Each structure stands twice: as structure tokens, then as C-alpha cells.
């Protein structure tokens, strides 16, 4: 059971049922079958935190009366359609004896009104094994899963009838294996919450410019009648939202169902005479093919042990027109579903030598790995590690390694429309004709520029004069195409068993240096790449954030220009008290060094500096009865992502569990809770608010064993 406080949802039952059966025949054949079903109500994301307070230049800092609940540029963590790409500039408003400019956001929709918290997860797998000889076994496995729920990435995704399948074939011996598998994914009837919100708003209030015109007219009318600014803003929003579909109505449900059935987030469709809008259906099919092999030359070489291996992987994506497209098509046809399938590939191999010295007290590992992706040059990854044992109780370890990470599928070749912003991969051929790598300004500098222009226009300058006066505030991005991210890592550690095997201590420390740290930066291209950055026309095109006819926005996966260093340490202690009582705990420290030179994007380290947990338990405090208590804590930290930014507060929880065994019935009963005191907390910005989960679990094991 969860949601016991009834704040985000009524108290709800979560159930999970699983069964496993396995059998062997004639010492040659064997099979196993697993099946499980889980359903419940997930934790809900319903945080009203404003990530665009009135102190920022993307709001209205010159008008303190528009702060707090009166902020017309409000951007809530768990509201969609009110993001920066739906900012509307209302200029030329007569107020206080001057022409004023205001920044407002579209109204948007709360996440609770868009996605369902219902979770369903049905899984099945089966495997058949055949023993070729005493040293070799051939097996085939099949897995399938169907799931409904909410998934968070750059946006929130409502998963609906998602089906994932996996076929695996493996030959395994005492010192080798060869295996291959294929994974098949079909997102079914899933949809993206962001385009859903945008298109709901567009259907009810028109495009940003149309909605802004209605807002301006209503605002000016209210102000001319002497209405105070905050109230006038609220009434203007109501007027601009007239005809908007409201959650809970039949109109809203019908419109939402229509939008979720349209598999094109870019091109419009007339809905019941409403303005053109797009869809939100996430209709994505993909396949992943993988093969790897490994051979251990154990005891076959006199001077050392040798382990070798190789692997290959191919992603095959069927273009859906929204997340992935056929880049061989003309620009105006890319977002149509279909076209040639997209492939993204990688192959690699490694060799590892292991050698012992000083009567096996010192063990040294050395490995070399070569990886190749056709989009990039081959990369070599060396690693060396050593473990030294002193007096059989003190173990010291150290390692240093170099690693390259090729951009993931989305980082390399995505082409996602996020409502007036397109999230794009960083490969050079995707940029052809678009200009986001070589002809763009950073969005953060555009926001600073617009705020300065608005101030000067209020002071009496024309918009064009103010734009040219503040042109130096615009930062040209000059991005290079995405390259692999590189890390050099150093680690040392110590582990010991002391006090007659009662005390275990494990401590380590590490430092990493990242070169080409992969992240995202939002940019604006003037004139849909028909104007050049730095020119007068290119500067004037950036006049207002909502003038989409004069700019195109992209959120680009790219590499940091600076190097980044992060470091950390952890300490773990376990102590066996008398009579099987065990107390254990660990503390972890992780941090990142801030560079003096500002980079083009934020690092999104998204890691608390301190985390710790402490547990106390006994597996059998009395016959067949055990218990365990766990306390967890982590401190506050800054979360940065394309979806939401803000401070995640510190939190602590206590988990408890009782376990009772009934050997005569082959049954174990567990009862307990996670976060038993129901402390509400979040783990990341825009994530769900988590509370207490209380459970009883019954396991019957070996029911058919003799």
C-alpha cells in the first residue's frame, strides 16, 4: 500500500505476483519459465515549484508586484506548456505613462491532468538449455514485457502498451562463451506530455502570437480602467484562454484523445474547426542487435593469465518523424513518418593480462580495449590495476584507466520536436541546412539581450535601435560536431577484516577528469538559417523570444569546451555483534570542481555531495524470525536538466522489515515498509513526491521439490 496520507492520491494497493518453474531431464535438457504481473498507483509528480521566479530576466524583475503567485511568467516543475519556449513578449502596453514590455508564459496543463499514475507491468520469460558435453552448454532464451506507466527523460512520457522482446542464443563452456541477442521495442500507444500540453493550448487559444495578441488587448483594456497590474494580468490570461479545454470536461477528454492519436508533432491537423495543431503520439519502433564472445586462457600461458573478448552492436531505428528521422530526405519532409531505417553501430575488442608476484601477494591487471564507431575515429582504452595483500587481512588496491564514451543514440542522431524547440543530435550531417552548430546564439544570451532591449525600449529607444545597442550581449555558439567523451580515472582503496573476522572496513577514493563532457545547450538560429549571426539583420531577429518566424530554436547535444574534474570517496563498515546481530553503514562523498571559465552549458552533475545509510539487523533473532532496520540520508543538491532545474532538498528515511520462515511449508513471510514514517521527498527536479510504502510478501520456494 502507498499514498497512505491521501495527499496526491487516495490510499492504493500495489500487488505483484510472480511464479518460477524449472526442471532438468536426463542430465541433458533443462528449461525454466518465469512470469510476473505488477500493478499499482505510482508516486505522483505534483510540485508547484516555480523555476522562473520574478527575479530572473526571463520574467519581469522591474515589476515587483508581479512576484510570487502573481508571476505571469510562472514555470512550474510539474506543469507543461509554460516553459521558456512558450514565452510570449507583450510589448507596447501603456502603463505608468510609458510603453512597457512584459514577459508572460502560456497557461499550460498540470502533469496530473495529462498522464495516468496507473502502472501495469506484465513479464514472461522462458529458456531452454541443452548440455552438449560436460564442458559445453547451448541455450536459448526469450523474454517479453508489456508496461504502462510514466517515464522521465528530457520530457515526461506516458507509456501505454509498450512491448519489449528479447531473443538470446548462447554457447557457454568452462573458459569461454559466445552469445548474441536481439531486442525489439514497440512503444504502442504512448505519448509525450510536452507536445500534448502545447497542442492542447494551441487548440484552445491559437499559436503563441495569436494568444499573445488576445492577452495584450485584454491587458490594455484592464489597465486603462484602472485595474492594478497583478489583477489585470490575471484577467488578461482568462480572456486569452477563453475557449481553452479544461481538465475534467468531455471537451478536454475528446481533444486529448484526438491529439494522442496523431503521430506528427510538427505538422498540424484541423480539429473540429480549431486552429491547426499537432499530435503527441510516441510511435517508435527499434531493434538492437548484439553479439559478444570471451575466451579465458587460464593456465595455458606460463607467464600470465590472458583473457580476450570482442563485441558488436547495431541499433536499427524505424523513423517515426518525431524522435528519429531519415536524414536523406529534404528538410521539409524529414518530419513525415517513414523513410529509410537509421543505423548506429559499434564494434570493439579487448585483451587483459593478469600476473601475480611475491608469492601471489601482489596481483596486477593490465588491459587494452579498442572500440570503433563508424561516425568517429577508433578509440583505445588502456587500464592497469593492482591489488596487494598484506598478512592476509589488509588488501590495498589502485587503478588508473582511460575511457571513451561514444555519444548515445539520442546524443548522436535525435531530431525531437519539443514544442518550438527541436532537440537534435550533434553529428555534423544532421546540422546541414539548419545552422545550429555554426550560425546560432546561446539562448541564455538571447534572454539577457531581450531583457536589455526591453529596458531600453521602455526608456524611449525604438526596438531596432535597442537591439543594435545591445548586440554585444549576444553570444555566438560556434559549436563543433559531437565527439566521444573521454575520461581519465584514478582510484585507490583499502579493505580489511579485523577483530577475529567481526569487523570489515572498506574505503576508497577516486578522481576523474572529463574531456569533451557531453551535455546540452539551447541555441537560437536567426531567420530559420536565412540570416547570419553577427549581422544587423541577425541581431534584430533576436528581438523577442516569441518571434518564431525570425528564429529557430534547437537544444543541441554537444561537448563542453572546458575540462571537468570530479572526485569522491566512500567508507563502509560492517560489525558482527554477538548473537548474529550486525550493524553496518557507509558514507559517500562526491563533488565536482567549478571551472573559472564559464562554459556554454551547465554540467548537470546532479549528485548529492553527501549520502549515507546505517543498518541494524539479525537474520534470526529467535528461531525462524529475523529483522532489519535501515536509515538513509542525503543532503540537498542542485538538479539541472532540460525538463527542470532547482534544488532537491535533503531528506532522510527509515526502512524496516520482519522476516518469518516456515520451513515445513517451504514458505517465507516478509512484512515491513520503505520510508515507514511517510516522510515526503523528491529525488530529482520535476520527479514524483515519494512517501511510505508498506508491504507483506509471501514466498513459497521449491513447492514441487521432493
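Could you identify the single residue in 436, 344, 365 that is more than 30 Å from residue 499 (Cα to Cα) and not in a strand (DSSP E or B)?
That would be 436, the only listed residue that is more than 30 Å from residue 499 (Cα to Cα) and not in a strand (DSSP E or B).
Looking at the range 92-106 only, could you name the residues that are in contact with a helix residue (DSSP H, G or I) (Cβ under 7 Å, 6 or more places away or on another chain), touching a residue at least 60 places away in the same chain (Cβ under 8 Å) and either farther than 20 Å from residue 67 by Cα or part of a strand (DSSP E or B) (or both)?
93, 94, 95, 98, 99, 100, 101, 104
Kindly provide the set of residues from the range 439-460 that are over 18 Å from residue 537 (Cβ atoms) and in a loop (DSSP other than H, G, I, E, B), ordered by number.
459, 460
Considering the range 376-405 alone, what residues qualify as being within 30 Å of residue 481 (Cβ to Cβ) and either modelled with pLDDT under 95 or touching a strand residue (DSSP E or B) at 6+ places or on another chain (Cβ under 6 Å) (or both)?
378, 379, 380, 381, 382, 383, 400, 401, 402, 403, 404, 405
Keeping to the range 218-230, report how many residues are exposed (fewer than 13 other Cβ atoms within 10 Å of the Cβ) and free of Cβ contacts under 8 Å to residues at least 40 places away in the same chain.
Within the range 218-230, residues that are exposed (fewer than 13 other Cβ atoms within 10 Å of the Cβ) and free of Cβ contacts under 8 Å to residues at least 40 places away in the same chain number 2.
When residues of the range 673-706 are filtered for being crowded, with 18+ Cβ neighbours inside 10 Å and at positive phi, how many remain?
Number of matching residues: 2.
If a residue has to be closer than 30 Å to residue 455 by Cα and touching a helix residue (DSSP H, G or I) at 6+ places or on another chain (Cβ under 7 Å) to count, how many in the range 38-66 make the cut?
Of the residues in the range 38-66, 7 are closer than 30 Å to residue 455 by Cα and touching a helix residue (DSSP H, G or I) at 6+ places or on another chain (Cβ under 7 Å).
Filter the range 535-552 down to the residues that are over 15 Å from residue 452 (Cα atoms), modelled with pLDDT of 90 or more and outside any loop (DSSP other than H, G, I, E, B) and list them by number.
536, 537, 538
Quick check: anything in the range 554-564 buried (at least 16 other Cβ atoms within 10 Å of the Cβ), touching a helix residue (DSSP H, G or I) at 6+ places or on another chain (Cβ under 7 Å), part of a strand (DSSP E or B) and touching a residue at least 12 places away in the same chain (Cβ under 8 Å)?
yes
Could you tell me which residue of the range 62-87 is surrounded by the fewest Cβ atoms within 10 Å (Cβ to Cβ), considering only residues that are in a loop (DSSP other than H, G, I, E, B) and free of Cβ contacts under 8 Å to residues at least 40 places away in the same chain?
Among residues in the range 62-87 that are in a loop (DSSP other than H, G, I, E, B) and free of Cβ contacts under 8 Å to residues at least 40 places away in the same chain, the one surrounded by the fewest Cβ atoms within 10 Å (Cβ to Cβ) is 67.
Would you check which residues across the range 25-50 are free of Cβ contacts under 8 Å to residues at least 12 places away in the same chain and either under 24 Å from residue 156 (Cα atoms) or outside any loop (DSSP other than H, G, I, E, B) (or both) and list them?
25
Please go through (1) closer than 30 Å to residue 639 by Cβ; (2) touching a residue at least 12 places away in the same chain (Cβ under 8 Å) for residue 129 and return the number of the only condition it doesn't satisfy.
It is condition (1) that residue 129 fails.
Return the residues of the range 406-428 that are assigned to a helix (DSSP H, G or I) and out of contact with any helix residue (DSSP H, G or I) (no Cβ under 9 Å at 6 or more places or on another chain); say none if nothing qualifies.
409, 410, 411, 428, listed by residue number.
Of the residues 107, 101, 89, which is under 22 Å from residue 552 (Cβ atoms) and more than 20 Å from the chain's Cα centre (by Cα)?
Exactly one of 107, 101, 89 is under 22 Å from residue 552 (Cβ atoms) and more than 20 Å from the chain's Cα centre (by Cα), namely 89.
Working only within the range 1-13, note down all residues that are outside any strand (DSSP E or B) and within 25 Å of the chain's Cα centre (by Cα).
Answer for the range 1-13, where residues must be outside any strand (DSSP E or B) and within 25 Å of the chain's Cα centre (by Cα): 3, 8, 9.
Just to be sure before I move on: is residue 46 touching a strand residue (DSSP E or B) at 6+ places or on another chain (Cβ under 8 Å), at pLDDT below 95, under 29 Å from residue 146 (Cα atoms) and surrounded by 15 or more Cβ atoms within 10 Å (Cβ to Cβ) in the structure I sent?
Answer is yes for this residue.
Across the range 276-305, which residue is modelled with the lowest pLDDT among those that are over 33 Å from the mean Cα position of the chain (by Cα) and in a loop (DSSP other than H, G, I, E, B)?
Within the range 276-305, the match that is modelled with the lowest pLDDT is 299.
Conditions tested, residue by residue: (1) within 24 Å of residue 290 (Cα to Cα); (2) without any contact (Cβ under 8 Å) to a residue 24 or more places away in the chain.
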| position | (1), (2) |
| --- | --- |
| 337 | no, no |
| 342 | yes, no |
| 349 | yes, no |
| 354 | no, no |
| 362 | no, no |
| 366 | no, yes |
| 369 | yes, yes |
| 375 | yes, no |
| 388 | no, no |
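Considering the range 471-497 alone, what residues qualify as being more than 27 Å from residue 369 (Cα to Cα), in contact with a strand residue (DSSP E or B) (Cβ under 8 Å, 6 or more places away or on another chain) and not in a strand (DSSP E or B)?
474, 475, 477, 479
Given the structure, is residue 635 exposed (fewer than 15 other Cβ atoms within 10 Å of the Cβ) and either within 20 Å of the chain's Cα centre (by Cα) or modelled with pLDDT of 95 or more (or both)?
Yes: the conditions hold for residue 635.
Among (1) touching a residue at least 40 places away in the same chain (Cβ under 8 Å); (2) at negative phi, which single condition is residue 478 missing?
Going through (1) touching a residue at least 40 places away in the same chain (Cβ under 8 Å); (2) at negative phi one by one, residue 478 breaks only (2).
To keep it simple, each residue is scored yes or no on (1) more than 19 Å from residue 288 (Cβ to Cβ); (2) free of Cβ contacts under 8 Å to residues at least 40 places away in the same chain; (3) not in a strand (DSSP E or B).
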residue	(1), (2), (3)
145	no, yes, no
150	yes, no, no
154	yes, no, yes
159	no, yes, no
163	no, yes, no
167	no, yes, no
178	no, no, no
182	no, no, no
199	yes, no, yes
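May I ask you to say which residue of 35, 18, 30 is out of contact with any helix residue (DSSP H, G or I) (no Cβ under 9 Å at 6 or more places or on another chain), at pLDDT 95 or above, more than 26 Å from residue 642 (Cβ to Cβ) and surrounded by 17 or more Cβ atoms within 10 Å (Cβ to Cβ)?
Answer to the selection: 30.
The values are calculated or read from the model by the stated rules, or taken from the named source; none is laboratory data. Please read these numbers as outputs of a predicted model, since none were measured by experiment. Neighbour counts run over all protein chains shown; Cβ positions are idealised from the backbone, glycine included.
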